[in-house]
Amino acid sequence: MARTSNANPDTGGGRSAPWGQERRLEFIDFRLQWEGQVNRSDLVEFFGISIPQASLDFARYFKVAPRNARYDHGVKSYVASSKFIPIASPASSERYLREVFGLLSGTAPRELSYLGWMPPVDIARFPLRQVQASLLSRILRAIRCRRALTVEYQSMNRREPTRRTLSPHAIAYDGFRWHMRAFCHQHDDFRDFVFARVLAVAGETASDAEPAADQAWHTSVQLVLAPHPELTHGQKRVIELDYGMQDGRLIVHTRRALLFYLLQHLGLDPKLRTTPQAKQVVLVNEGEIIPLLAAGNESSPSATSHP
């Protein structure tokens, strides 16, 4: 269902002013799908609208989906029926779980979440990798204005920090931490640099590096995944369900500059030796993908991993 940004004069202000009725119908649909019930007070509290406006919203919803719910006088709410079919989004768990994760991880504000009731839930909390706000701001300006930064950088391959001139053109997340993608003027190639390893910015100049020349960043790679062939039929089936595979295959797209990290996260590092039950999936097109890791300095693990 398309969203609208038109203000509704009947909402009475609050968060709903720029959202309109379509957003409120989406809210009704979400609560019915994932919590099984919703009432007018939920709309009034979340959007700051009047009771009459909430009644109009429910009337509109049931005009579109008359069989999705019935009013239960016992709980004083509309309760989802066995014939419920979502109208605002596909019947996918991704939206719900993304909102749960956002609330628990602190990446999503509570006042913008459609979630009301939640089951007992928690997440594995990994230590957050820190990025100084002042450094991030400086790098973003350098990207926007095509500037080269002279920095003190502590590589894990060196005992002491070194001075480098970097022309950043993008930032990326490898699954655990953020880094910048930049042209290194000392090495004359594009590499990844972890924010936290930039100890100081000594100055900046105009950059003559061309971001379009970073072939690893601008090249898309397609990975074809399948259950490990040594798993049992039942084990293969649950892997297919877990990954949402179609016909025993899953296509994953990534940038070549992020390929090394993705293979590590999937347990597909060619140097890793483990059991089929632990590995779970294999790279069907391994013959095409693995050579890309060493196809020149810019795409080798020593370059695309953090120097």
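The values are calculated or read from the model by the stated rules, or taken from the named source; none is laboratory data. Quick caveat, the model's predicted, so the values are computed rather than measured. Every residue, glycine as well, gets a Cβ built from its backbone with ideal geometry; the counts of neighbours run over all protein chains shown. Note: areas computed on protein heavy atoms with side chains; ligands, DNA, RNA excluded. Shrake-Rupley method; radii C 1.70, N 1.55, O 1.52, S 1.80 Å.
Remark: spin-label model distance ASP208-ALA133 equals 3.8 nm, labels positioned 7 Å along the Cα→Cβ axis. Please identify the trypsin sites (Lys or Arg not before Pro) of the range 130-175 that satisfy two criteria: DSSP loop assignment and at most 11 other Cβ atoms within 10 Å. Which are they? Passing both the DSSP loop test and the Cβ count: ARG158, ARG159. A simple charge model with +1 on the Cβ of Lys and Arg, -1 on the Cβ of Asp and Glu and nothing else charged puts the dipole of the range 34-103 at about 320 debye relative to its Cα centre.
Taking all protein chains together, SER41, SER55 sort by accessible area into SER41, SER55, largest first [probe 1.4 Å].
Remark: spin-label model distance GLN264-ARG163 equals 3.0 nm, labels positioned 7 Å along the Cα→Cβ axis. Surface analysis of the chain yields an accessible area of 56 Å² per residue, using protein heavy atoms and a 1.4 Å probe. For the chain, a simple Cβ point-charge model (Lys and Arg +1, Asp and Glu -1, everything else neutral) yields a dipole of about 420 debye relative to the Cα centre. Pull out a ≥ b ≥ c, the square roots of the eigenvalues of the alpha-carbon gyration tensor of the chain, then state rounded if a/c is under 1.5, prolate if not and a/b is larger than b/c, and oblate in the remaining case. It comes out oblate by the Cα gyration axes.
With R₀ fixed at 25 Å, the C-beta to C-beta distance from ARG110 to SER41 puts the FRET efficiency at about 0.90. The stretch between ILE123 and GLN246, if pulled fully straight at 0.36 nm per residue, gains 41.5 nm over its current Cα-Cα span.
Across the accessible surface of the chain, with the other protein chains kept in place and a 1.4 Å probe, carbon and sulfur atoms take up 54 percent.
Label separation (LEU56 vs LEU272): 5.5 nm, computed from points 7 Å beyond Cα along the C-beta direction.
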